[in-house]
Amino acid sequence: DLGLPPREVEERLEAARAALFDLRARRPHPHLDDKVLADWNGLAIAAMSRCAQAFDAPHLAEAAAVAADFVLARMATPEGRLLHRWRDGEAAVSGLLDDYAFMIWGLIELYGATGEVRWLRRALRLQEVQDTFFHDAEGGGYWMTPADGDALLVRRKEGHDGALPSGNAAALFNLLRLALLLGRPEYGERARGVLRAFATQVRHHPIGSTMFLCGVDFALSGGRSVIVAGEPDQPDTEAMLAAVRGTYAPTTVLHLRTTDNARDLAALVPFTAHLAPLEDRATAWLCENYACSPPITDPAELKARLLAVRPLAQG
């Protein structure tokens with residue numbers, strides 16, 4: 001349109017942009033929201049860890065681990081309680097339910113992506129803190145604020161989603177997963193308490209409780225756990241892990257038992273102690289209702305079992 005060579009047009013536009021930027025730099029800059037939040041990081045850790053598994057992208061698990069290390073090192077008290085926000089080297093504000101529920105969620109996903117027992121151990125510790133300070137022993141579910149927090153006119157307990165998933169819905173998922181991962185039915189019972197606490201609310205307003213309904217689906221399916229015993233980075237182990245991680249199975253949890261982590265894993269999850277590879281081949285067990293299948297050494301068989309349609313759990 002200007003009758004100029006493209007290169008000259010680019011040079012003129014670049015000069016104009018530089019002049020505008022110089023003028024703008026002389027004006028007061030808008031405030032920058034650069035705080036770090038524990039709950040948002042928990043969601044990011046969960047998302048990156050899930051993507052690392054689904055897309056075989058270990059760099060995403062590495063990024064998730066960096067974020068988890070930051071929150072646990074910089075945004076926690078010596079007693080292991082979370083703080084809500086960090087900015088400019090200072091962490092402050094007692095953690096809320098969302099901080100705990102989302103960080104536990106993220107750590108469970110990170111454990112599934114890496115097989116590093118430390119992440120499951122930290123998730124369990126945070127769950128114990130959440131149960132101590134947020135659980136409603138009489139009505140079930142979790143309060144939004146801790147028992148020793150500031151005195152409020154109303155101590156709220158919510159199950160519906162907003163811009164973010166409900167903290168109680170995330171807690172429901174966490175409890176169901178921990179029950180499977182650890183083989184501890186008491187977490188399943190606590191999850192049923194969350195279901196009872198919000199049943200009426202969810203029934204009357206299901207469209208605002210979609211995350212909670214995903215938890216209901218999890219509870220009705222009963223969930224499953226897979227234990228893969230093998231050595232990391234070996235083709236047979238990778239094939240078994242791919243069968244699990246490449247299958248859309250949101251109510252399935254995963255243990256990776258290796259020579260290096262077997263002792264630590266057994267200390268936290270005793271039923272894995274005797275699950276060793278058969279004849280030096282990567283071996284898997286599919287467990288439901290606290291009972292495990294015979295050993296599986298064929299990745300295709302494992303995937304077929306994971307894809308099989310199952311009846312809903314009763315009760």
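Quick notes on this one:
- Selection of the stretch 248-275 for residues being open to solvent by 40 Å² or more (accessible area, probe 1.4 Å), farther than 21 Å from residue 304 by Cβ and free of Cβ contacts under 8 Å to residues at least 60 places away in the same chain yields 259, 260, 263, 267, 273, 274.
- Residue list for the stretch 125-135, filter: closer than 20 Å to residue 153 by Cα and touching a helix residue (DSSP H, G or I) at 6+ places or on another chain (Cβ under 7 Å): 134
- Pairs meeting the criteria (first residue in the stretch 15-42 and closer than 28 Å to residue 92 by Cα and of a type outside the set (Lys, Arg), second residue open to solvent by 100 Å² or more (accessible area, probe 1.4 Å) and not in a helix (DSSP H, G or I), beta carbons under 9 Å, at least 6 apart or on different chains) are 34/87; 34/88; 36/87.
- All positions within the stretch 222-247 that are farther than 13 Å from residue 53 by Cβ, open to solvent by 10 Å² or more (accessible area, probe 1.4 Å) and more than 20 Å from the chain's Cα centre (by Cα): 231, 232, 233, 234, 235, 236, 239
Let's see how each residue does on (1) in contact with an Asp or Glu (Cβ under 9 Å, 6 or more places away or on another chain); (2) of a type in the set (Asp, Glu); (3) at pLDDT 95 or above; (4) not in a loop (DSSP other than H, G, I, E, B):
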{"position": "254", "(1), (2), (3), (4)": "no, no, yes, yes"}
{"position": "266", "(1), (2), (3), (4)": "no, no, yes, yes"}
{"position": "271", "(1), (2), (3), (4)": "no, no, no, yes"}
{"position": "275", "(1), (2), (3), (4)": "no, no, no, no"}
{"position": "300", "(1), (2), (3), (4)": "no, no, yes, yes"}
{"position": "305", "(1), (2), (3), (4)": "no, no, no, yes"}
{"position": "310", "(1), (2), (3), (4)": "yes, no, no, no"}
{"position": "315", "(1), (2), (3), (4)": "no, no, no, no"}
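- Any hit, the stretch 55-76, residues being within 21 Å of residue 177 (Cβ to Cβ), in contact (Cβ under 8 Å) with a residue 12 or more places away in the chain and open to solvent by 50 Å² or more (accessible area, probe 1.4 Å): no
- Take the conditions (1) open to solvent by 70 Å² or more (accessible area, probe 1.4 Å); (2) of a type in the set (Val, Ile, Thr); (3) in contact (Cβ under 8 Å) with a residue 24 or more places away in the chain; residue 108 misses just one of them, which is (1).
- Within the stretch 279-296, if we keep just the residues that are assigned to a strand (DSSP E or B) and under 17 Å from residue 240 (Cα atoms), the residue that is most open to solvent (accessible area, probe 1.4 Å) turns out to be 281.
- Qualifying positions in the stretch 218-258 - touching a Ser or Thr at 6+ places or on another chain (Cβ under 7 Å) and more than 19 Å from residue 182 (Cα to Cα): 230, 231, 232
- Conditions (1) touching a helix residue (DSSP H, G or I) at 6+ places or on another chain (Cβ under 7 Å); (2) open to solvent by 20 Å² or more (accessible area, probe 1.4 Å): number failed by residue 156: (1)
- Screening the candidates 179, 199, 191 for the property of being open to solvent by 20 Å² or more (accessible area, probe 1.4 Å), part of a helix (DSSP H, G or I) and aliphatic (A, V, I, L, M) yields one hit, 199.
- Of all residues in the stretch 202-212 being out of contact with any Gly (no Cβ under 7 Å at 6 or more places or on another chain) and open to solvent by less than 70 Å² (accessible area, probe 1.4 Å), the one that is nearest to residue 134 (Cα to Cα): 211
- Condition check for residue 145: under 19 Å from residue 169 (Cα atoms), over 19 Å from the mean Cα position of the chain (by Cα), polar (S, T, N, Q) and not in a helix (DSSP H, G or I): yes
- Take the conditions (1) open to solvent by 30 Å² or more (accessible area, probe 1.4 Å); (2) touching a Phe, Trp or Tyr at 6+ places or on another chain (Cβ under 9 Å); (3) of a type in the set (D, E, K, R); residue 136 misses just one of them, which is (1).
The values are calculated or read from the model by the stated rules, or taken from the named source; none is laboratory data. Note that the structure is a prediction, hence the values are computed from the model and not measured. Every residue, glycine among them, receives a Cβ derived from its backbone with ideal geometry; neighbour counts consider all protein chains shown. Protein only, heavy atoms only, side chains kept; ligands, DNA and RNA dropped before computing areas. Shrake-Rupley method; radii C 1.70, N 1.55, O 1.52, S 1.80 Å.
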